[in-house]
1. Confirm whether Asp440 is modelled with pLDDT under 85, within 24 Å of Leu328 (Cα to Cα), acidic (Asp, Glu) and over 25 Å from the mean Cα position of the chain (by Cα).
2. Output the qualifying pairs, or none if there are none: Cβ atoms under 6 angstrom, residues six or more apart or on different chains, first residue in segment 105-130 and among the charged types (D, E, K, R), second residue in a helix (DSSP H, G or I) and open to solvent by less than 50 Å² (accessible area, probe 1.4 Å).
3. Which residue is farthest from Leu398 (Cα to Cα), if the candidates are limited to segment 285-321 and must be among the small types (Gly, Ala, Ser) and open to solvent by 10 Å² or more (accessible area, probe 1.4 Å)?
4. Considering only segment 218-241, I want to know if a residue exists there that is of a type in the set (Asp, Glu) and in a helix (DSSP H, G or I).
5. Can you pull out every residue in segment 394-404 that is touching a strand residue (DSSP E or B) at 6+ places or on another chain (Cβ under 9 Å) and more than 15 Å from Val350 (Cα to Cα)?
6. Quick check on segment 134-157. Is at least one of its residues open to solvent by 50 Å² or more (accessible area, probe 1.4 Å), assigned to a loop (DSSP other than H, G, I, E, B) and either touching a residue at least 40 places away in the same chain (Cβ under 8 Å) or touching a strand residue (DSSP E or B) at 6+ places or on another chain (Cβ under 9 Å) (or both)?
7. Does any residue in segment 39-59 that is under 22 Å from Arg13 (Cβ atoms) and touching a residue at least 60 places away in the same chain (Cβ under 8 Å) come within less than 6 Å, Cβ to Cβ, of a residue that is open to solvent by less than 100 Å² (accessible area, probe 1.4 Å) and assigned to a helix (DSSP H, G or I) six or more places away or on a different chain, and which pairs are these?
8. For segment 254-274, enumerate the residues that are at positive phi and either in contact with a Gly (Cβ under 8 Å, 6 or more places away or on another chain) or buried (at least 21 other Cβ atoms within 10 Å of the Cβ) (or both).
Amino acid sequence: MSTPQKLPLVYVRGFAGDTAGINKAVMDPFYGFNEGSTHIRIGPDNEPDFYQFESPLLRLHLDEGYQILVDGSQAIYLNSHATIPPESIWIHRFYDVSASTWSGRPKEFRMETAAEDLLTLIDTIREKSGAPRVHLVAHSMGGLVCRCLIQKVLPDLGRDPAECVGKLFTYGTPHGGITFDFGFGMLERLRDTIGINGAQIFGPERMYEYLMPESVADPDGPPEGWDPREMPLDRPFAFPRDRVFCLIGTNPADYDVAHGLSAAAVGPRSDGLVQIDNAYVPGAHQAYVHRSHSGRYGVVNSEEGYQNLRRFLFGDREVKAALVGHRLPQRKDTAWQAEVALSVRGLQIVMHERTSAQWCPIQLRDRTRSPTPEGPTETATDTATDTAGAVPLVDTFLCSGLAHPGDTGTMRYALHLRILSLRERDGLLNFGDHLEQTADFDDILVVDVGADGATSVPALSAVWNSAIAGSIRDHRPGSHARGDENPGPDIWVNHIELPDTAAPIVGADARLRLTVTPWQ
């Protein structure tokens, strides 16, 4: 397997608000992407602990050999150098022209202009680096700037976005806009009518304008049921959704903007600003992390965010896990949920976590039921069974270059799976025999993927923790090797039996399907 090509990275920041907020943003030479953190949420003895995260920019310097090139400004550097290295990081400083600190006549921010200027920057970087494409990394509104470029600006020019953008990674982007947990839509309509500080860009009418190419846009505005999260594949110049990764925050409590009023307005199923249901593109890769929208526990300045970013951009294995063949007990009064958590060996964080406590469990449906209208698309709290009866649990990326130097010679991760039941009576939850946070099934699948980056089909071992004698760290994968059930090239598939204790819940035919493919 060839080593993934290093492409230039362009960072695009989020919404700054009014002129005072914009002025504060432009004072930072890297628009905030250089900010790190010094806390983890819970350390030993249930106390907050010191954990130094150097910032995503510095970590990419240290881990991947990237450079930030500045000579008075990055614009001056680009203008004064005929060539630049592909392994370079660039900040799209679209807010500079809207700041009053440079001149007395700041320009009003406009989404389409920011996207057009982003294209100019990308074309300059590609020309001078010789790289065919760039990767885009965006926080919050920055992801909408990138989507405006990909879905409108480039198609309107007759250009294929896949020819200049490699991958798009978004931190806490309001792909579905920003909505509130109360007010029955009145607050959103007031915001979109008045346009306080330009916040109408998060409403459906304005989003429709900057996300729809002219060739298909309805002059009367968004039709009923239009979903701003969608990146349709049935249009000319459609960008592949498997090149998009959405990091979703699930911690509103630590978002202290407006003294907590923002978090209270958008509700608990959010990162404090963006509701979970609005934070992803259907069909794109997703990871859920217990981080807030920004601040000291924010998604950008977090190890969780960085590790997902690094593996998505530079990993060489994609590993998918799905529950298949399950048959839930036919009880009209019982709803079933799954919780998952993904841990990678050597990391002090959880890469992906969906739990009831964090408002994002996976709702299980019996495989015999018809798919929902959304088909196999996964939503924040409802995973529809696809036509093959599969429930996606996690999709992650691994990098053979980061394999543990120990003697197993594999990339190891653990998938914690819990299945819980909720009883209902007359439409209300029944807690008569309920044991809070106690799962009907609870086990950990320990997966070892071959770390030889030269092979496209890996050797793989998988075993449930309940079958491992002693500690997981002492487990050696050789005795639990799994064969490849798919004869096709560049794909490895195996169905893992669930422990016998799960059979009364999901049926004797239930399996965890692992699929491993090359990733570049």
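1. Values: modelled with pLDDT under 85: no; within 24 Å of Leu328 (Cα to Cα): yes; acidic (Asp, Glu): yes; over 25 Å from the mean Cα position of the chain (by Cα): yes.
In short, no.
2. From residues that are among the charged types (D, E, K, R), the pairs are Lys107/Ser98; Glu112/Tyr210; Glu116/Val153.
3. Step one: of segment 285-321, the residues among the small types (Gly, Ala, Ser) are 287, 292, 294-295, 298, 302, 305, 315, 321.
Those still in the list that are open to solvent by 10 Å² or more (accessible area, probe 1.4 Å) too: 294-295.
Values: Ser294: 26, Gly295: 28 Å.
Per the stated criteria, the residue is Gly295.
4. Of the residues in segment 218-241, the ones of a type in the set (Asp, Glu) are 218, 220, 224, 227, 230, 234.
Checking which are in a helix (DSSP H, G or I) leaves us with none.
Taking every residue of segment 218-241 in turn, none turns out to be of a type in the set (Asp, Glu) and in a helix (DSSP H, G or I).
5. Cys399, Ser400, Leu402, Ala403, His404, listed by residue number.
6. Step one: list which residues in segment 134-157 are open to solvent by 50 Å² or more (accessible area, probe 1.4 Å), which gives 156-157.
From what is left, the residues that are assigned to a loop (DSSP other than H, G, I, E, B) are 157.
Checking which are either touching a residue at least 40 places away in the same chain (Cβ under 8 Å) or touching a strand residue (DSSP E or B) at 6+ places or on another chain (Cβ under 9 Å) (or both) leaves us with none.
Scanning segment 134-157 turns up no residue that is open to solvent by 50 Å² or more (accessible area, probe 1.4 Å), assigned to a loop (DSSP other than H, G, I, E, B) and either touching a residue at least 40 places away in the same chain (Cβ under 8 Å) or touching a strand residue (DSSP E or B) at 6+ places or on another chain (Cβ under 9 Å) (or both).
7. That search, which allows pairs on different chains as well, returns Phe53/Glu303; Pro56/Tyr306; Arg59/Tyr306.
8. We begin by selecting, within segment 254-274, every residue at positive phi; these are 258-260, 267, 272.
Selection gives Gly272 alone.
The values are calculated or read from the model by the stated rules, or taken from the named source; none is laboratory data. Remember, predicted model here, so these are calculated numbers, not experimental data. Note that we place each Cβ from the backbone using ideal geometry, even for glycine, and neighbour counts take in every protein chain shown. Keep in mind that these areas ignore ligands, DNA and RNA; they rest on the heavy atoms of the full protein, side chains included. Shrake-Rupley method; radii C 1.70, N 1.55, O 1.52, S 1.80 Å.
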